[in-house]
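Structure first, commentary second.
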Amino acid sequence: MFGTILKLLTLCALAHSINAHTLKQQPQQLPITPEQKYLIVRGETPAASAASEEHVQFNDAATLLLSAFKRQQLEAGPELEECTQPGHKASFSGIDYFILLSMLVVSLGIGIFYGFFQTGGSSSDDFLLGSGMSLLPVTLSLTTSFITAIELLGNPSEMYFQGTQFVLIVIPMLLVIPVAVKIFYPIYFKMELTSCYEYLGIRFGKEIRVLGALLYVVQMCFYTAVAVLAPAIALSKATGLDTKIAVVLIYVVCVFYSSMGGIKACVIADSFQAAVLAVSLVLIVLLGCFYSGSPVQVFQMAAERNRLEFFNFDPSPTTRHSVWSVVIGGFFYWTSLFCTNQASVQKCMSLKSLRLAKIALGFAIIGLVVVFLLNFYTGLMVFTHYADCDPLSVERITASDQLLPYYVINTYDHVYTVAGIFVAGIFAASLGTVASALNSLSAVTCEDLLINGMNIKISPEKGATYAKWMSLGFGVGSFGLVFIVEHLGGVLQATLTLNGLIGGVTLGLFVLGIGCKQANSKGAFYGGLLSLALVIFVGVGAQLSNVQIPTLPTSVEHCDCHVNVTGIIEDLLSESLLPAPEQGFTSWSIFRLSYMWFSMVGCLLTVFLGWLISVIIDALQRRSVLKITAKGIDNPAITEEVFKSDNPVLFTTMKPVELTSGEGHVNLAIRLDDEYNTK
């Protein structure tokens, strides 16, 4: 229906323009792009076309056509409701609320058990590291830590509106495994770290350790707020569940069991929530095979409607998703999450040995790949179901991330418990993300900021108490940020982008310390700050430029309700024929860089600038050192009068410092000649 009306409008425009001018492309005008929604018949400026006779005739004909179509709708459509009427919107039943609350109550029960009835956990090591946990729960907890509700709702929407190019993101996940188990985690276990930022302190000094910890605190506080708010908004729009109620439920449960039970409660709760999430995903896929089509039908429909795309080798860095941006950029993004994110490192360190940590990490990544593939397939399944009636175009939903909740609750409304299990799975993903973040934030604050940064002495007995209160404080602070971010609109996407940027800079500091012998403390500090400023400038500029990403075509040809086509066409007619001119610094091409490259840019900038500044500082220090040779003085700043003094020249012998105990750690990235002292 919609396509027929557009064709009639095009014929109307051509008929009233046949005696005017043929379509000509003037050199000074912009080329006609495929994204323009209707034909530009006369090649003149908008100001001139508004007064032309052909333009007036076109508007008159379009107005008559729209009026006739409205009358036709009124005469022929009493038996069908409008698509935006309440009868076509999803609902959430009482049994669905019961399932959701049951999942939350079980999570609270885990916190109560480990907080009040489980023996041990009185020291900071027990609370933050768990003192040797089992392999299976840690593996499941690691998997849920990397699955956020934003991804569970966003991945199907990506397949639906943009195609399958993003599926290649599972490749860099697998590529990270050898990097993690061969490079990063052996260092962490050898040093017996509680916080991964302790390595930065050993390698570069206190300032870099504090810098890394502060970056993590800022990153995770905002990220947890977005990770809760984004799915709460999507679920409220699609199910009617109040946003504030959803946010309060998630934070109350998370803050309670993470602050009471510590890392043990987080890991066990994550294991339970992983089971809920797995059941919800598998159930949706199985039901989709019956209600939306078999896998053969799903991929056939995706191929017919141009959704299948895996080999976009466009070398332009501004291409949103290509093989290069998804695989290479995704590799840096996942490396920062798996290897230098305290939430994941802390769980691996809770295991008894490095061997168990490697096994847990490998199985967690494989499980994550399986979950992502199921999630991607769900998006294609939803597209098959709505191939001829896009719910976003007919205003059944108002945003793309509401697509999957609407599909589940609307399609399976007559199947009891499905909607409740699905929403419980979404809540489980949010709970796992937030609880892990709160526990890791308390660890970073205790170990890196208070003990190391502020030199506050905390005994092991009081460490658990401090960590509990900090976990509670970060939960309350993150909860407050939710309501700030809620009123800032576009900051949601900006916060997610900045999460990748900060993670890239942090990864760069670790790579600089491990792989570059010449790097020193000042180089790492100033290089990290300068890189952070540059990547944030690029990221914020990209958000301000607000580049609209065109979606793949959708259809409303066979909807079972009245589509407000006249309103859609009126919106099209009111649009400007030519794109608005870009002005200011936001028009720079750097701000069109794909967001997939942000982590890589942050990492490589930090490594390069840190190395360069270190080399410069080292060269300046060498030139300032007094060099005495057989020929005399090499430093022209000192005259020969100094050597006429009767005082003898004292020579010192440099010997390596010997460790007085068997403890300590060897950092292969530290230059041996820096470890000398005078005796």
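The values are calculated or read from the model by the stated rules, or taken from the named source; none is laboratory data. Just so it is clear, the structure is predicted and the values come from calculations on it, not from any experiment. Here the Cβ is made from the backbone with ideal geometry for all residues, glycine too, and neighbour counts use every protein chain on show. Keep in mind that these areas ignore ligands, DNA and RNA; they rest on the heavy atoms of the full protein, side chains included. Shrake-Rupley method; radii C 1.70, N 1.55, O 1.52, S 1.80 Å.
Among the numbered conditions (1) more than 30 Å from residue 402 (Cα to Cα); (2) open to solvent by less than 20 Å² (accessible area, probe 1.4 Å); (3) at pLDDT below 85, the only one that residue 227 does not meet is (1).
I'd like to check something: does the range 511-521 contain any residue that is among the polar types (S, T, N, Q) and open to solvent by 70 Å² or more (accessible area, probe 1.4 Å)?
Yes: the range 511-521 contains one or more residues that are among the polar types (S, T, N, Q) and open to solvent by 70 Å² or more (accessible area, probe 1.4 Å).
In the range 345-357, is there at least one residue being modelled with pLDDT under 90, basic (Lys, Arg), open to solvent by less than 40 Å² (accessible area, probe 1.4 Å) and over 26 Å from residue 160 (Cβ atoms)? Within the range 345-357, one or more residues are modelled with pLDDT under 90, basic (Lys, Arg), open to solvent by less than 40 Å² (accessible area, probe 1.4 Å) and over 26 Å from residue 160 (Cβ atoms).
Applying a threshold of 7 Å to beta carbon distances and a minimum spacing of six or more residues, or different chains, the list of pairs starting in the range 591-607 at a residue that is charged (D, E, K, R) and ending at one that is outside any helix (DSSP H, G or I) reads 592/318; 592/547.
Would you check which residues across the range 536-561 are open to solvent by 90 Å² or more (accessible area, probe 1.4 Å), assigned to a loop (DSSP other than H, G, I, E, B) and on the phi < 0 side of the Ramachandran plot and list them? So that I can check it myself, show each step before the final result.
Here is the first cut: in the range 536-561, the residues open to solvent by 90 Å² or more (accessible area, probe 1.4 Å) are 537, 544, 546, 548, 553, 558, 560.
Within this subset, residues satisfying the condition of being assigned to a loop (DSSP other than H, G, I, E, B) are 546, 548, 553, 558, 560.
Matches in the range 536-561: 548, 553, 558, 560.
For the range 399-410, the set of residues classified as open to solvent by less than 10 Å² (accessible area, probe 1.4 Å) and hydrophobic (A, V, I, L, M, F, W, C) consists of 403, 404, 408, 409, listed by residue number.
Whether a residue is in a helix (DSSP H, G or I), at pLDDT below 85 and surrounded by fewer than 20 Cβ atoms within 10 Å (Cβ to Cβ) was assessed, and residue 245 passes this test. For the range 197-217, a tally of residues being aliphatic (A, V, I, L, M), under 13 Å from residue 503 (Cα atoms) and touching a Leu at 6+ places or on another chain (Cβ under 7 Å) returns 2.
Matching residues to (1) open to solvent by 30 Å² or more (accessible area, probe 1.4 Å); (2) modelled with pLDDT under 85; (3) under 14 Å from residue 152 (Cα atoms):
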residue: 386; (1), (2), (3): no, no, no
residue: 389; (1), (2), (3): no, no, no
residue: 393; (1), (2), (3): yes, yes, no
residue: 397; (1), (2), (3): no, yes, no
residue: 412; (1), (2), (3): no, no, no
residue: 423; (1), (2), (3): no, no, yes
residue: 435; (1), (2), (3): no, yes, no
residue: 438; (1), (2), (3): no, yes, no
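For the range 302-331, what are the residues that are open to solvent by 40 Å² or more (accessible area, probe 1.4 Å) and part of a helix (DSSP H, G or I)? If the condition is that a residue be open to solvent by 40 Å² or more (accessible area, probe 1.4 Å) and part of a helix (DSSP H, G or I), then 303, 304, 324, 328, 331 are the ones that fit.
Might you check whether a residue that is among the aromatic types (Phe, Trp, Tyr) and farther than 26 Å from residue 438 by Cα occurs anywhere in the range 362-382? Yes, there is a match, as at least one residue in the range 362-382 is among the aromatic types (Phe, Trp, Tyr) and farther than 26 Å from residue 438 by Cα. Could you please let me know if residue 164 is surrounded by fewer than 23 Cβ atoms within 10 Å (Cβ to Cβ), of a type in the set (S, T, N, Q) and either modelled with pLDDT under 90 or under 19 Å from the mean Cα position of the chain (by Cα) (or both)? Taking the combined requirement at face value, the residue satisfies it. Total residues in the range 297-336 satisfying the condition of being farther than 14 Å from residue 169 by Cα and either in contact (Cβ under 8 Å) with a residue 12 or more places away in the chain or touching a Lys or Arg at 6+ places or on another chain (Cβ under 7 Å) (or both): the figure is 13. Consider residue 254 carefully, then state whether it is in contact with a Leu (Cβ under 6 Å, 6 or more places away or on another chain) and surrounded by 24 or more Cβ atoms within 10 Å (Cβ to Cβ). Considered against the rule, which asks whether it is in contact with a Leu (Cβ under 6 Å, 6 or more places away or on another chain) and surrounded by 24 or more Cβ atoms within 10 Å (Cβ to Cβ), residue 254 comes out as yes.
A Cβ distance below 9 Å, combined with a sequence gap of six or more or placement on separate chains, defines the contacts here; from the range 279-290, residues that are over 14 Å from residue 371 (Cβ atoms) reach residues that are open to solvent by 40 Å² or more (accessible area, probe 1.4 Å) and part of a helix (DSSP H, G or I) in the pairs 288/385; 289/295.
Can you spot a residue in the range 201-210 that is open to solvent by less than 20 Å² (accessible area, probe 1.4 Å), within 23 Å of residue 610 (Cβ to Cβ), aromatic (Phe, Trp, Tyr) and under 24 Å from the mean Cα position of the chain (by Cα)? So far as the range 201-210 goes, no, none of its residues is open to solvent by less than 20 Å² (accessible area, probe 1.4 Å), within 23 Å of residue 610 (Cβ to Cβ), aromatic (Phe, Trp, Tyr) and under 24 Å from the mean Cα position of the chain (by Cα). Modelled with pLDDT of 80 or more, under 28 Å from residue 204 (Cβ atoms), out of contact with any Pro (no Cβ under 9 Å at 6 or more places or on another chain) and open to solvent by less than 10 Å² (accessible area, probe 1.4 Å): does that describe residue 528? For residue 528, the condition - modelled with pLDDT of 80 or more, under 28 Å from residue 204 (Cβ atoms), out of contact with any Pro (no Cβ under 9 Å at 6 or more places or on another chain) and open to solvent by less than 10 Å² (accessible area, probe 1.4 Å) - is met. Residues in the range 440-473 that are open to solvent by 10 Å² or more (accessible area, probe 1.4 Å) and among the aliphatic types (A, V, I, L, M): 449, 450, 451, 454, 456, 458, 470, 472.
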